[in-house]
Amino acid sequence: MDLDAVRHNVTMLAERAGDAELMVVVKADGYGHGAVQIAKAALEAGASWLGVCSLAEGLRLRAAGIRAPMLSWLDVPETDFAPAVAAGIDISVSSLRELRAVRAASDDLGGVGAHVHLKIDTGLSRNGCPSADWPDLVRAAAAAEAGPHFHVRAVWSHLACADEPGHPSIDQQAERFAAAYSVATEAGLRPMRHLANSAATLTRADLRFDLVRAGIAVYGLNPVPQHEDLIPAMTFASTVVLTKRVAAGESVSYGHTWTAPRDTTLALVPVGYADGVPRGLSGHLRVLLGGRSRPVVGRVCMDQLVVDCGDDPIAAGDRVVLFGTGKEGEQTATEWADQLGTIDYEIVTGMCRPRVARRYLGEDAS
Ligand SMILES: *Cc1c(COP(=O)(O)O)cnc(C)c1O
């Protein structure tokens, strides 16, 4: 994991955010990159907020000594919000039930102030308060704010199609967001607003409001069609453990799906689908080895794969790059995703595996 790349991407996103603050989203253990290290690097580079999915994720960052403002947005109904309130983690509220739970947590703590972000569903139809229930939620929040320990920090929402610039749903969601915000201000609330994810931060200056929430672009993966100056932070690499010559006609790996057309050298690499190399990429993978891009042959197994090296002098101990920035000719997480018909988000978050060791470059920049 290249933390200098993260800092580069964050600096660029903070510029694009203009006057808006930058929240770096580090859910799912920092999209598989390590939430604590990413959060620290991002805060050094100009981010001022952190976003997490669950309270457990947020509390882990607090336990690591990270004090930055933080928002957590999705927890199961039985969650006790008191530890979040005590830890100064803002909580997203989409329903009266959640509002009551946060107030109760604050009361249990003897009135430690709770900060909430009211979430309006503007068309993603996932989390967020439906428009029909919004006036009631806003009224209840305004009543709660009349007390001393409850503060509505923000009104927020999330876009469905920001990665398709020009999609008509974006403007429709923006209009619904404006209407919901008016309801809040008419009820006497003065919250900040946030709507934009990475894609909207890069393409819709008008939707930055007070804060933008960037995830994927922080990690150097570009969610929009146009070119952006982003550097992928994750490189997935391993080492050759064994090489061997095989004769023409010998077949490789389970099912014998590949047969050597000539005498050749094979290199064995100790990573497989248990380490995040999708088996569905069998027959399509190339790795960077010995200064060249070379095909992985036969099936990807649970723990290993085999590279065809021709007559080149490859040896045990040689470094193998599975994906990275693409600059040296290696594949990228985005190419893997395209081949599989998925998105690069799924490739990098899929690297969150106990057997895959993480190393950080640029850790001591501060
Ligand atoms: C994951 C997430 C983001 C970040 O989205 P990216 O497309 O990775 O920038 C922002 N807001 C919410 C609510 C999210 O769940």
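The values are calculated or read from the model by the stated rules, or taken from the named source; none is laboratory data. On a predicted model such as this, the values are computed, not experimentally measured, just so you know. Methodologically, a virtual Cβ is constructed for each residue, glycine included, from the backbone with ideal geometry; neighbour enumeration extends over all protein chains shown. With ligands, DNA and RNA removed, areas are computed over all heavy atoms of the protein, side chains included. Shrake-Rupley method; radii C 1.70, N 1.55, O 1.52, S 1.80 Å.
What the table shows:
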read-out	value
Scope the range 179-207; condition more than 13 Å from the ligand (Cβ to nearest atom) and either crowded, with 16+ Cβ neighbours inside 10 Å or within 21 Å of Trp73 (Cα to Cα) (or both); matching residues	Ala180, Tyr181, Val183, Ala184, Ala187, Leu189, Arg190, Pro191, Met192, Arg193
Cβ-Cβ under 6 Å pairs, at least 6 apart or on other chains, the range 50-71 side β-branched (Val, Ile, Thr), far side open to solvent by 40 Å² or more (accessible area, probe 1.4 Å) and within 15 Å of the ligand (Cβ to nearest atom)	Val52/Lys27
Single residue of Gly111, Gly147 found to be on the phi > 0 side of the Ramachandran plot and of a type outside the set (S, T, N, Q)	Gly111
The range 51-79, residues that are among the β-branched types (Val, Ile, Thr) and open to solvent by 50 Å² or more (accessible area, probe 1.4 Å)	Val76
Residues of the range 249-267 satisfying the condition of being under 23 Å from Leu288 (Cβ atoms) and open to solvent by 30 Å² or more (accessible area, probe 1.4 Å)	Ser253, Thr257, Trp258, Pro261, Arg262
Total residues in the range 48-68, condition away from the ligand (no atom under 15 Å from the Cβ) and closer than 26 Å to Ala184 by Cβ	2
Residue that is out of contact with any Gly (no Cβ under 7 Å at 6 or more places or on another chain) and surrounded by 20 or more Cβ atoms within 10 Å (Cβ to Cβ), where the choices are Val306, Val297	Val297
Any hit, the range 198-206, residues being touching a helix residue (DSSP H, G or I) at 6+ places or on another chain (Cβ under 6 Å), among the β-branched types (Val, Ile, Thr) and part of a strand (DSSP E or B)	no
Options Ala154, Ala142, Ala174, Ala132; residue that is within 27 Å of Val85 (Cα to Cα), more than 13 Å from the ligand (Cβ to nearest atom), assigned by the TED database to the domain that holds Asp210 and at pLDDT 95 or above	Ala142
Every residue from the range 80-93 that is closer than 18 Å to Lys119 by Cα and open to solvent by 10 Å² or more (accessible area, probe 1.4 Å)	Phe81
Residue that is nearest to Glu346 (Cα to Cα), among those in the range 20-47 that are part of a strand (DSSP E or B) and within 13 Å of the ligand (Cβ to nearest atom)	Val25
Pro168 open to solvent by 50 Å² or more (accessible area, probe 1.4 Å), away from the ligand (no atom under 16 Å from the Cβ) and either in contact with a strand residue (DSSP E or B) (Cβ under 9 Å, 6 or more places away or on another chain) or among the hydroxyl-bearing types (Ser, Thr, Tyr) (or both)	no
Answer residue from the range 224-248, given it is of a type outside the set (A, V, I, L, M), within 22 Å of Pro270 (Cα to Cα) and more than 17 Å from the chain's Cα centre (by Cα) and is most open to solvent (accessible area, probe 1.4 Å) among those	Arg245
Residue match in the range 111-129 (condition: of a type in the set (Lys, Arg) and in contact with a strand residue (DSSP E or B) (Cβ under 8 Å, 6 or more places away or on another chain))	yes
